[in-house]
Structure formats: structure tokens, C-alpha cells
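Trainee: Quick one: the structure is below, and I'll ask about it shortly.
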């Protein structure tokens, strides 16, 4: 996977039918934030003005992979139900099987799309590794 050890970031990965990202961070919470940011950048331009107030987001999962899929899926759900383009993410607390955080965004109509909407977070090709820093590869159904 891409990324500089010790750095934090994400990149889009070429994929034949769906959209994919790779993200990296020193801490697991940072990895979850980077994956969320990358996912929404696939759908919306990242240069958004002041986002709306924070929305609480919680997710649970048996494994780190389940937890990441649940976190990203919950963010997609919140964005869909509230018609928001989310653009700012903070993981406030992580414990085995649980993540709690906040997201902020703007009305989706106020933001320019950068790609097709994401329908779902998939387990296909999902890969999370920890070798001094955390790395993830996630494929999304568009």
C-alpha cells in the first residue's frame, strides 16, 4: 500500500468497476478519520466552506475490519438521511468493538460533486495492516 511511514493521508486507487482508496495514519483513530475523508472526497470536492455543527456517530464491530466498515457505513447513512456532504471527521473514542466520533458537513446541494455517489462500503478487497503505522485499503460500491 502507498503512504509514508509516520505520515497521515490517503489516495484514490484505480479500480475497474467500483471506487477504492488507500489510507494511512500513525494511530487507528486517525486511520478511521482518513478513510472517512477519502470516501467523501470520492463523491464531493473537499474544498468546502464552514461545515455545519457536529453530528454524533457511533459504530460497533467484532473485528477492526468490521468496525471500519460499520463506521464508514454509518457515515454514509447519516449523509444520505440528512442530505449532507460530510467533510470533517473526528474519532473521539475507540475501544475494542466500538468507535465514537463526530462528523460535520454541508447540505449536499451546496457542494459540487466530484464523482458518483457511493452505495455501500464493501468487504471485497478490504485490507487493514499495522506495521508501525496503520494502513487500509477499502473498495466502495458505486
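Trainee: 7 Å from Cα along Cα→Cβ at both residue 109 and residue 63: what's the point-to-point distance in nm?
Mentor: The two pseudo-label positions are separated by 4.3 nm.
Trainee: Where does each of 71, 134 land when they are ranked from fewest to most other beta-carbon atoms within 10 angstrom?
Mentor: Ordered from fewest to most neighbouring Cβ atoms within 10 Å, 71, 134 come out as 134, 71.
Trainee: Expressed as a rounded percentage, what relative contact order does the chain have, with Cα pairs under 8 Å and six or more residues apart?
Mentor: Contact order relative to length: 29 percent.
Trainee: Please work out the Kirkwood hydrodynamic radius for the chain, using every pair of different C-alpha atoms, and report it in angstroms with one decimal place.
Mentor: Result for the chain stands at 14.9 Å.
Trainee: Separate question: How many angstrom separate the Cα center of the range 52-116 from the Cα center of the range 12-42?
Mentor: That distance is 13 Å.
Trainee: If I take the Cα coordinates of the range 61-142 and project them onto the principal axes, what are the three extents in Å, biggest first?
Mentor: That works out to 39, 27, 22 Å along the principal axes.
None of the figures in this text is laboratory data; all of them are computed from the coordinates on show. Keep in mind that this is a model prediction, so the values were computed, not measured. Neighbour counts run over all protein chains shown; Cβ positions are idealised from the backbone, glycine included.
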